[in-house]
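The values are calculated or read from the model by the stated rules, or taken from the named source; none is laboratory data. Please read these numbers as outputs of a predicted model, since none were measured by experiment. FYI the Cβ positions are ideal-geometry reconstructions off the backbone, even for glycines, and counts take in every protein chain you see. For accessibility, only protein heavy atoms count, side chains too; no ligands or nucleic acids. Shrake-Rupley method; radii C 1.70, N 1.55, O 1.52, S 1.80 Å.
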Amino acid sequence: MDTAPDAARARATHALARSFLTSDLDDCERRDAEAALTWLLDDPAPTVRAALADALADSKDAPRHLILCLATDIPPIASLVLMSSPLFLDAELVDFAALGDMDIQMAVARRPSVSAVVSASLAETGSLEACLELLANPSAAFTRTALERLVERFDSNAELRRALMTRPGVPLAVKQKLVAQLAESLCRAPTVGTGLKAERARSMLGEARDRITVAMAQDAELPEMVSLVDYLRENAQLTPTLLLRALCTGNMGLFVAAMAVLGEMPVGRIEPVLANGWGASLRALFKRTKLPPKLHSAFETALVTYREIAATGDPLSGFAFTRRMIQTVLDNHEPEEGFDDGLDPLRRLLRRLESEAARDSARLFAQQVSLPAA
């Protein structure tokens with residue numbers, strides 16, 4: 001080993017390490033081999049130490065002190081063991097993630113299994129590149145807090161936004177926070193302020209945020225829907241406008257969850273009222289949930305219309321559904337006091353919803369007719 005060239009020493013090191021792991025050595029031979037491998041940690045050639053790391057990295061039987069020493073070597077060598085070795089404790093990985101450079105953090109993010117504790121550490125201190133690797137790792141576990149921290153740190157990065165929006169299992173509340181922060185960023189963008197008054201830009205982006213929120217929640221399970229509603233209420237985004245949008249576009253699940261949260265009642269008590277209640281019972285529920293009294297009639301009409309459409313077996317979404325819902329509400333709506341028919345806020349909202357549904361329907365039609373025949 002004193003006279004052999006680097007490449008030969010690397011080959012011998014790799015062979016010795018594999019023999020240590022796989023050969024039937026007696027106790028004395030094993031002690032000698034482990035001593036030799038430990039001595040090789042001081043080899044001046046990185047190729048030799050890299051060969052040692054490569055041979056031992058994925059083995060649960062590797063000597064623990066060798067793995068820990070290799071993890072403090074130069075980044076290319078440390079990455080080999082940090083990415084693969086099953087011997088690290090979560091506390092050790094948290095330290096490496098917090099104190100290491102980008103290469104070290106990326107190695108930790110690529111591990112075959114990353115616990116929620118380690119993910120949280122990377123979300124707090126990791127580079128953008130390491131966090132993208134972490135989100136791309138299907139075996140990484142996340143807490144909602146860690147995902148929200150990623151949103152807070154990197155919400156302006158389009159690639160990370162895309163990774164969060166497309167990763168399975170990301171809570172709706174986290175995605176909605178991402179959408180809300182993007183809307184805020186757009187409000188501050190000079191290009192938006194150039195052509196629109198600030199109030200108008202904020203109104204348009206708020207409507208876009210609500211629309212995306214309702215769409216994201218369309219197929220969510222009830223527990224996640226309730227969590228989303230809690231988040232929206234905490235951040236003053238659970239507005240009557242959003243709820244009317246949900247109802248008129250067929251997202252009954254979001255409306256039910258909102259009524260349960262706002263009324264502080266179990267979903268099991270809310271559903272029968274919304275499914276079968278009339279007049280006084282519905283208005284009592286709306287009063288309990290603190291919906292504006294001037295909108296009680298609109299919500300009642302929308303609910304009754306929803307039931308009628310459901311009873312016919314027609315689709316509970318799409319342009320035809322939304323158009324019927326909106327038209328029925330408008331036909332039964334009295335303009336708010338102080339507004340004539342053309343300036344009534346509810347009428348303006350419903351007409352915008354109808355326009356959105358019509359455009360979505362047209363886009364879907366264009367997409368379908370442009371597809372090649374099977």
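Observations
- Applying a DSSP loop filter and a limit of 10 other Cβ atoms within 10 Å to the GluC sites (Glu not before Pro) in region 16-108 leaves nothing.
- Using the Karplus relation 6.51 cos²θ - 1.76 cosθ + 1.60 with θ = phi - 60°, the per-residue 3J(HN,Hα) values for region 312-317 come to 7, x, 6, x, 9, 6 Hz, with x marking Gly and Pro.
- Crossing angle, helix 345-370 versus the chain [Cα axis fit, 0-90 degrees, rounded to tens]: 60
- Compared with the dominant Cα axis of the chain, that is its longest principal axis, helix 267-276 is turned about 30°.
- Put a plus charge on the Cβ of each Lys and Arg, a minus charge on the Cβ of each Asp and Glu, and nothing anywhere else: the dipole of the chain about its Cα centre is then about 1780 debye.
- Cα-Cα pairs of region 110-172 separated by more than 16 Å (percent): 32
- Taking the charge dipole of the chain about its Cα centre, with +1 at Lys and Arg Cβ atoms and -1 at Asp and Glu Cβ atoms, the residue from ALA180, LEU295, THR125 reaching farthest to the positive side is LEU295.
- Couplings 3J(HN,Hα) for region 236-253, derived from phi with the Karplus relation 6.51 cos²θ - 1.76 cosθ + 1.60 (θ = phi - 60°), are 6, 10, 8, 9, x, 4, 5, 5, 5, 4, 4, 5, 6, 9, x, 8, 5, x Hz, where x marks Gly and Pro.
- Surface composition of the chain: carbon plus sulfur atoms hold 55% of the accessible area, using a 1.4 angstrom probe and ignoring ligands, DNA and RNA.
- Across the options ALA358, CYS28, MET265, the greatest Cα extent toward the positive end of the charge dipole of the chain (unit charges at beta carbon of Lys, Arg, Asp, Glu) belongs to ALA358.
- Result for the chain in a Gaussian network model with C-alpha springs under 10 Å: among ASP27, ASP54, ASP331, the largest mean-square fluctuation is at ASP27.
- Relative contact order (%) - region 1-91, alpha-carbon pairs under 8 angstrom, separation at least six: 28
- Solvent exposure of the chain, expressed per residue, is 52 Å² of accessible area, with all protein chains present and a 1.4 angstrom probe.
- The charge dipole of region 94-155, taken about its Cα centre with unit charges on the Cβ atoms of Lys, Arg (+1), Asp and Glu (-1) only, comes to about 240 debye.
- Eigen-decomposition of the gyration tensor built on the alpha-carbon atoms of region 60-188 gives equivalent ellipsoid semi-axes of 30, 14, 10 angstrom, largest listed first.
- Relative contact order, percent, the chain [alpha-carbon distance under 8 Å, six or more residues apart]: 7
- For THR289, no residue 5 or more places off, or on another chain, has a built amide H under 5 Å of its own.
- Kirkwood hydrodynamic radius of region 281-334, from inverse mean 1/r over distinct Cα pairs, in Å: 11.8
- Sum of side-chain charges, ALA140 neighbourhood, beta-carbon under 11 Å (Lys, Arg +1; Asp, Glu -1): +2
- Rg/Rg_ref, region 221-309, where Rg_ref = 2.2 N^0.38 Å and atoms are Cα: 0.98
- Each of LYS60, LYS290, LYS177 has its accessible area taken with a 1.4 Å probe; listed largest first, they run LYS290, LYS60, LYS177.
- Fluctuation leader among GLU234, GLU148, GLU354 - the chain, Gaussian network, Cα springs under 10 angstrom: GLU234
- Using the Stokes-Einstein relation with a Kirkwood hydrodynamic radius computed over Cα pairs, the translational diffusion coefficient of the chain at 4 °C and a viscosity of 1.567 mPa s comes to 51 µm²/s.
- Relative to the longest principal axis of the Cα atoms of the chain, the long axis of helix 90-99 lies at roughly 90 degrees.
- Neighbour-limited loop hits for GluC sites (Glu not before Pro), region 270-340 (at most 15 other Cβ within 10 Å; DSSP other than H, G, I, E, B): GLU336, GLU337
- Between LEU243, LEU147, LEU295, the residue with the greatest mean-square fluctuation in the GNM of the chain (Cα pairs under 10 Å linked by springs) is LEU295.
- Put simply, the amide H of ALA140, placed in the peptide plane, has neighbours under 5 Å in VAL114, leaving out anything fewer than 5 places away on its chain.
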